[in-house]
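Here's the structure we're looking at; comments come further down.
The values are calculated or read from the model by the stated rules, or taken from the named source; none is laboratory data. Bear in mind that the values here come from a model prediction, so they are computed numbers and not experimental data. Don't worry about glycine lacking a Cβ; one is built from the backbone with ideal geometry, like all the others, and counts go over all protein chains shown.
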Amino acid sequence: MSAAITTSNLTKRFKTHVAVDSLNLDVPQGAIYGFLGPNGSGKSTTMKMLLGLTRPTEGEIRVFEQDLTPASRTRMLPSIGSMIEAPPGYGHLTGLENMRIVQDMLDLSAVQIEHALETVRLTEHKNKLVRNYSLGMKQRLGIAMALARDPALLILDEPTNGLDPAGIEEIRTLLIRLAGHGITVMVSSHLLDEIDKMANVLGILANGRMIFQGTRDQLFEHSIPDLVIETPDARAALAQGITATPIAEGIRVSGLGKDQTAELVYRLAVAGVPIHGVRRVQQSLEDVFMDLTGRGGLL
Ligand SMILES: Nc1ncnc2c1ncn2[C@@H]1O[C@H](COP(=O)(O)OP(=O)(O)OP(=O)(O)O)[C@@H](O)[C@H]1O
Ligand SMILES: [Mg+2]
């Protein structure tokens, strides 16, 4: 599959602080690329570099297989729609008036503007002042502004931030629909849950470094399934000084390999803890993510 975005050794330092550290991004064409990482991990800074809003300290960026340079950027930017950090838009203007600014700036047609408003379901609210929009409507207007140019690539920084579950679902459905039409979508979030249901490729950042990039299935390959030890006496098991979570059936322990499992079961048996069963259960994606970002290690 050809790439929509690749970077090599992409780095941004602010004085001595390394905000983005040697990133090798690979965003396949047509994918929904979920760009994940805790607050401050470097998502917005990376996206700003991709859009030429911040100059990289080091590294190269290729968009649709062409080097992104100050000269090529002007040519390429019209095919990239973006929304970085807070949704744009002037509060004292209506949704439509805001869209008209975009129309004039990019020399778009009235049809493109109407179509973008319709895609994000704002047609019936287009004559309201943006300051009276709900947060979800503001986010959708931001997406409409990014979409109006009929981009081949959309870069959206936390478009679901602060939305309620219905608002999140609506944006998710919209992005899946856009990807269905061949648009490559790169979307960031600090919440895995919001991204997991739509992304087919995940890139996970921690402290400016890419700690994982690949599919959801590949991510699970890095996970050690939890161990459930069924016992009616969880208290006795926990008294053995192990790090475990009490659950209805007994206790649940994370991150144990084969030898450690054998050792633990032996220890509990010797201590007289009644063991009724031992089984493995898949970690939740959230747990895998927390383990990864918490550890900050490289895969
Ligand atoms: N203009 C700047 N000057 C100095 N440091 C900056 C600047 N912009 C970002 N940083 C630092 O770079 C790091 C990455 O910030 P960035 O905004 O990219 O993170 P993020 O992953 O988008 O976080 P969030 O989830 O909070 O939006 C942070 O430590 C931040 O303080
Ligand atoms: Mg950010």
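When segment 22-45 is limited to residues that are more than 20 Å from D196 (Cα to Cα) and crowded, with 18+ Cβ neighbours inside 10 Å, the one that is farthest from ligand 2 (Cβ to nearest atom) turns out to be L23. When segment 20-42 is filtered for residues that are in contact with a Leu (Cβ under 8 Å, 6 or more places away or on another chain), part of a strand (DSSP E or B) and modelled with pLDDT of 95 or more, the ones remaining, listed by number, are V20, S22, L23, I32, Y33, G34, F35. Taken over segment 243-274, residues that are in a loop (DSSP other than H, G, I, E, B) and either in contact with a Pro (Cβ under 8 Å, 6 or more places away or on another chain) or farther than 17 Å from I224 by Cβ (or both) amount to 6. The condition (being closer than 19 Å to S22 by Cα and outside any loop (DSSP other than H, G, I, E, B)) is satisfied by just one residue among T54, T45: T45.
Of the residues that make up segment 1-19, is at least one out of contact with any strand residue (DSSP E or B) (no Cβ under 6 Å at 6 or more places or on another chain), in contact (Cβ under 8 Å) with a residue 24 or more places away in the chain, within 11 Å of ligand 2 (Cβ to nearest atom) and in a loop (DSSP other than H, G, I, E, B)? No, segment 1-19 contains no residue that is out of contact with any strand residue (DSSP E or B) (no Cβ under 6 Å at 6 or more places or on another chain), in contact (Cβ under 8 Å) with a residue 24 or more places away in the chain, within 11 Å of ligand 2 (Cβ to nearest atom) and in a loop (DSSP other than H, G, I, E, B). If the condition is being surrounded by 20 or more Cβ atoms within 10 Å (Cβ to Cβ) and either more than 16 Å from ligand 1 (Cβ to nearest atom) or over 11 Å from the mean Cα position of the chain (by Cα) (or both), then segment 199-227 contributes A199, A206, G208, M210, I211, Q213, L219, D226, L227.
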